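Comments concern the structure below.
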Amino acid sequence: MLNVLRPLLTRLLTPAGEALARTPVTPNAITITGTCGMVAGALWLFPTGHLFAGTMVCAGFVVADMLDGVLARVKGTSGAWGAFLDSTLDRVSDAAVFAGLAIWLARTGQGVLAVVALFCLVAGGLVSYAKARAEGLGLRCDVGIAERTERLVIGLAAAGLAGLGVPYALAAGLWVLAALSAVTFGQRVLAVRAATQPARDGGPSGEGARPREPGPSTGGTG
C-alpha cells in the first residue's frame, strides 16, 4: 500500500543519487552497508532495551538503503545481480529487526510477545517467499495489504513508541503486524491459486505437476 509513495521518495533521493554517481560508490556497496548497519543496530540496541535509539538507527539505514536503486538508475547499472542482492539482504535486515525485539522481550520476561515477534519474522519471510516462488513460475503476485514496507514501518514505529514510553505500543504493533502478515500470506496463496486454476483443471501444470524449485527470484521487496 505504501508503495504509492515510492515515486515521491525516488524524486526526493534523486539529487543525492546524482551526487553519489560522481563518486566511486556503487549501488551494491550501499546495499551491503545499509544491511550491515541495520543488522548491527537492531541486534545491539534492541536486545539491550534501547528501543527508540534502535528505531532511529534502523530507520536511518532504511532510508540510506533506498539510495541503491536510485543510484543504479542514475548510473545505468541496474541488473539482475543487484536486484537479487537487494531483495535477499532485505530479508536479512527484516529478520534482524524482529529477532532483536524478540530477544529483548524474552530477556524482560514477555514470553508471549517474544513468540509474536518471532511469528512476525517467520510470516514476513513466508510472504516474501510466496511472491518469489510465484514469480519463479512466471506469475505475478503483488497482492497483499502488508508488503515489506508496511511491515517494517509498523514494526519500527511500534518499537520507537515503546522506547518513548507509550504503553502497549509494542504489543499492539506486533499483534497487528502478525495478523496483517498472516492475511497477506493468505491473499498471495489465494491469488496464485486463482491464477493457476485453468491449468490445474486441465492443463499440464495441474496439481500432479510439481515444477522444480526456481533459482533465487529477482523480484521486488515483497
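Annotation note: of Ala99, Ala83, Ala53, the sole residue that is open to solvent by less than 40 Å² (accessible area, probe 1.4 Å), assigned to a helix (DSSP H, G or I), under 22 Å from Gly160 (Cβ atoms) and of a type in the set (Gly, Ala, Ser) is Ala99. Being farther than 21 Å from Met38 by Cβ and open to solvent by 70 Å² or more (accessible area, probe 1.4 Å) is the filter here, so list the residues in the stretch 155-182 that pass it. Scanning the stretch 155-182 gives Pro167, Tyr168, Trp175, Val176. Of all the criteria given as (1) more than 11 Å from the chain's Cα centre (by Cα); (2) surrounded by fewer than 21 Cβ atoms within 10 Å (Cβ to Cβ); (3) modelled with pLDDT of 90 or more, the one not satisfied by Leu89 is (1). Does Glu147 satisfy the condition of being of a type outside the set (Ser, Thr, Tyr), open to solvent by less than 40 Å² (accessible area, probe 1.4 Å) and over 22 Å from Thr48 (Cα atoms)? The answer is yes for Glu147. When you look at Gly124, is it in contact with a Lys or Arg (Cβ under 6 Å, 6 or more places away or on another chain) and modelled with pLDDT under 95, yes or no? Considered against the rule, which asks whether it is in contact with a Lys or Arg (Cβ under 6 Å, 6 or more places away or on another chain) and modelled with pLDDT under 95, Gly124 comes out as yes. Take the conditions (1) at positive phi; (2) in contact (Cβ under 8 Å) with a residue 60 or more places away in the chain; Thr10 misses just one of them, which is (1).
Kindly evaluate Thr48 against the criterion of being assigned to a loop (DSSP other than H, G, I, E, B), within 19 Å of Ala158 (Cβ to Cβ) and of a type in the set (Val, Ile, Thr). The answer is yes for Thr48.
Restricted to the stretch 65-79, and to residues there that are among the small types (Gly, Ala, Ser) and closer than 12 Å to Asn28 by Cα, the residue that is most open to solvent (accessible area, probe 1.4 Å) is Ser78. Total residues in the stretch 118-144 satisfying the condition of being part of a loop (DSSP other than H, G, I, E, B), over 24 Å from Met66 (Cβ atoms) and either open to solvent by less than 20 Å² (accessible area, probe 1.4 Å) or of a type in the set (Val, Ile, Thr) (or both): the figure is 0.
The values are calculated or read from the model by the stated rules, or taken from the named source; none is laboratory data. Note that the structure is predicted; figures quoted are calculated from it, not measured. In this analysis, Cβ positions are derived from the backbone assuming ideal geometry, glycine residues included, and neighbour counts consider all displayed protein chains. Side chains included, ligands, DNA and RNA excluded: accessible areas come from the protein's heavy atoms. Shrake-Rupley method; radii C 1.70, N 1.55, O 1.52, S 1.80 Å.
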